[in-house]
Amino acid sequence: MIGNAPFFVVGLLFLAGLVAIFMEKNLIKIAVAISIISSAVNLFLVALGYRAGGTIPVHYLAGEETLMVLPTPQAMTLTAIVIALATTALLLSLIMLVYRLYGTLDVDEIRRLRG
Amino acid sequence: MNWNDHLPALLLAVPLFGAFMAPIVCLFGKTLRNVLLIGISFVTMLVALLLWRNVLVGGIAVYVMGGESFNLTLPSGMALPIRIIMEVDAFSAFMVVCGSIASFAGALFSTNYMEKFSGIGRFVSLYFLLTLGMLGMMITGDFFNFFIFIEIASIASFGLVAFWRDKPEAVEAGLKYALVSQVGSMIFLIAAGSLYGKYNALNMAAIGSMLQFGVMEKLALVFIVGTLAMKCGSFPMHMWLPDAYAEAPSGVSCLLVAVSQASLYGLMRVCFSLYGINLGGSFIPWMIISMGLASMFFGVTMAVVQHEIKRLIGYHSVSQVGYMLLGLGVGLLVLTDARGMAEYGFTAMKGGIFHIFNYTMYKGLLFLAAGAIYYATGKRDLNEMGGLARRMPFTTAMFVIAAAAISGLPPFNGFVSKLLIYESVFAVHPALTVVALLTSVLTLASFVKVFQTAFLGPEKSVFTGVREVPSGMLFGMGVLTLAVLGATLFPSWTLSNLVEPAAKALVDQAGYIGAVMGGGL
């Protein structure tokens, strides 16, 4: 049970982010919610690769230990973090442009594209 | 060293090289920049065509990046494939050909279309990154890399959709697309992660060889199908698509059409090659079929009422994607039923795959023609247009060809693929054909409206100064017209050389898995 705790946290974070995307009206808050979702996914990947009591997955540094955590999810997480950084930066700059052009961050008022 | 072995790597390296060269080359003036834009996308198309020919002759091409040998997927002692693996079967090669033609046409068009604007160095860079992401999605054999390429394509397309950043609508469309697509790709990553957690592999063929259908696999499948259906603009999640297509510069809209097809490719790859016979019942096929029907019908009914030309064409994209989902969904439905497959399933898949080619070509052409009208007149609202046929004869001719093809008028290529879909989905349920036919009729109605209001009628006094668009734009449209006419005039050659190998490769799950898991070729 306690071994699954990270996955419950992942689920909670993901749901919190998803709920915030639908409930929040402010674009900045929606961007924050998307960042929370990305963090939940990254946490999920790292938790997947963890083995209880495992050491670092580098052969000559691990010493006598034979149980190692999985290296692939860590590499995946690093890549996903970089991607999330790029998209967050892009999202925030788009939001900045929206604020400049519309004068508001309220999603209900940013509606020129309809129908 | 044989160049032909390295074509899958070159296919990605060439646009990547172009993307990073663009800011430097653009310092040296307009001519060099245009040479780069056209040259790199032409070379990409050439590589794609060579790759397609190789795959047709030599079977599935596997490429391992960073290995001792380019096709050593399972180094000695390894039970699972390692390193970055590209896998190109006939379906991938077919998609790559479609995508690279669209990219070349869009690049030719953009040379003249974008020359009035500043920041073209960035435009060229993003354009090549978008091409790279699209081609990568089509040839990768690995889940995580698929996610990476989705993100490369997405980030590039956010930038390109919002390229005219002084226009509120463009920024809004870009932001909308970014929000929706970012949530979607995170959900895709969760699905990839959970498959990795269970099978210790990221390679699609390796997972496919071990897959047993359980609760976790169901969840992963739903996540993947949901995300990729959103990315290709299927009905309940299509809201971003008309906005993004309408607000992007026209050359980019043409490429975005091909990019949405890359997501469709991913959807089909996962359903057919990864799950395949383990798909467990007919729920997912019926879900895909009903998404297809809903996209067709609601897409076209939304399109009929539009009066802004690019937005109208954007809504037609939603309805056209429905045809492919319908055809391939029917193929998926009878995947385990050999008799049904032989009688109508394979025809439906051929129709769906042929429609991918046709759709990419004529939809790209329609977007380019709409862009040409905007370039020449500065207008996007149909109510303000009229009598343009006198001023822009070439654009008019090409628009008519594309409109006839999308409406499925015989003898155009759209008719061939639609006919294949009609006659085969009829065997599943006649209602499917009824919806498809109705959609086709409404499509025709709406393009008759566009043609009549924009090109026919009395000449308007505001348009007396309008002239035909420059040659680069005409050539860009010409490439796609040529592709449409080629598929129209030689339907049997296209079907037997382009479409049938792709459909066979898609059905052949064992072949796809064996190419990687069989220990190299």
| remark: Exactly one of A:36, A:28, A:95 is free of Cβ contacts under 8 Å to residues at least 40 places away in the same chain, assigned to a helix (DSSP H, G or I) and either within 8 Å of chain B (Cβ to nearest Cβ) or touching a Leu at 6+ places or on another chain (Cβ under 9 Å) (or both), and that residue is A:36
| remark: Requiring at least 2 residues that are within 7 Å of chain A (Cβ to nearest Cβ) and touching a strand residue (DSSP E or B) at 6+ places or on another chain (Cβ under 9 Å), the helices (runs of 4 or more DSSP H) wholly within the range B:136-230 are none
| said: Checking the structure you have, find out if any residue of the range A:63-72 is of a type in the set (Ser, Thr, Tyr), surrounded by fewer than 16 Cβ atoms within 10 Å (Cβ to Cβ) and closer than 21 Å to residue B:163 by Cα. | reply: no
| task | Go through the range B:84-104 and count every residue that is in a helix (DSSP H, G or I) and farther than 16 Å from residue B:367 by Cβ. | result | 9
| Does the range A:21-43 contain at least one residue that is of a type in the set (A, V, I, L, M, F, W, C), out of contact with any Cys (no Cβ under 9 Å at 6 or more places or on another chain), loosely packed, with under 13 Cβ neighbours inside 10 Å and within 15 Å of residue B:182 (Cα to Cα)? | yes
| remark: Flagged in the range A:56-79 as touching a Phe, Trp or Tyr at 6+ places or on another chain (Cβ under 6 Å) and modelled with pLDDT of 85 or more, in numbering order, are A:76
| Going by the conditions given, is residue B:107 touching a Ser or Thr at 6+ places or on another chain (Cβ under 7 Å), at pLDDT 90 or above, in a helix (DSSP H, G or I) and within 29 Å of residue B:165 (Cβ to Cβ)? | yes
| note | Reported set for the range B:273-320 where residues are among the aromatic types (Phe, Trp, Tyr), closer than 25 Å to residue B:508 by Cα and at pLDDT 90 or above is B:286
| remark: Those residues of the range A:71-92 which are under 21 Å from residue B:155 (Cβ atoms) and within 8 Å of chain B (Cβ to nearest Cβ) amount to A:76, A:79, A:80, A:83, A:86, A:87, A:90, A:91
| Within the range A:98-112, which residues are of a type in the set (A, V, I, L, M), part of a loop (DSSP other than H, G, I, E, B) and within 7 Å of chain B (Cβ to nearest Cβ)? | A:110
| request: Residues that are crowded, with 21+ Cβ neighbours inside 10 Å and among the aliphatic types (A, V, I, L, M): find the helices (runs of 4 or more DSSP H) completely inside the range B:400-501 holding 1 or more of those. | output: B:413-425, B:430-455, B:471-489
| said: Looking at A:70, A:27, A:48 in this structure, which one is closer than 27 Å to residue B:314 by Cα and of a type outside the set (Asp, Glu)? | reply: A:27
| Tally of residues being closer than 10 Å to residue B:267 by Cβ and basic (Lys, Arg) across the range B:215-229 | 0
| residue A:68, sole failed condition from (1) touching a Lys or Arg at 6+ places or on another chain (Cβ under 9 Å); (2) within 12 Å of another protein chain (Cβ to nearest Cβ) | (2)
| request: Please work out which one of (1) out of contact with any helix residue (DSSP H, G or I) (no Cβ under 7 Å at 6 or more places or on another chain); (2) closer than 26 Å to residue B:197 by Cβ; (3) not in a helix (DSSP H, G or I) is the condition residue A:57 fails and give its number. | output: (1)
| field | Residue pairs meeting the criteria (Cβ under 8 Å; at least 6 apart or on separate chains; first free of Cβ contacts under 8 Å to residues at least 40 places away in the same chain, in the range B:378-391; second assigned to a loop (DSSP other than H, G, I, E, B)) | value | B:379/B:385
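The values are calculated or read from the model by the stated rules, or taken from the named source; none is laboratory data. Nothing here was measured: the structure is a model prediction, and the numbers come from that model. Glycine also receives a Cβ, built like all others from the backbone with ideal geometry; neighbour counts cover every protein chain displayed.
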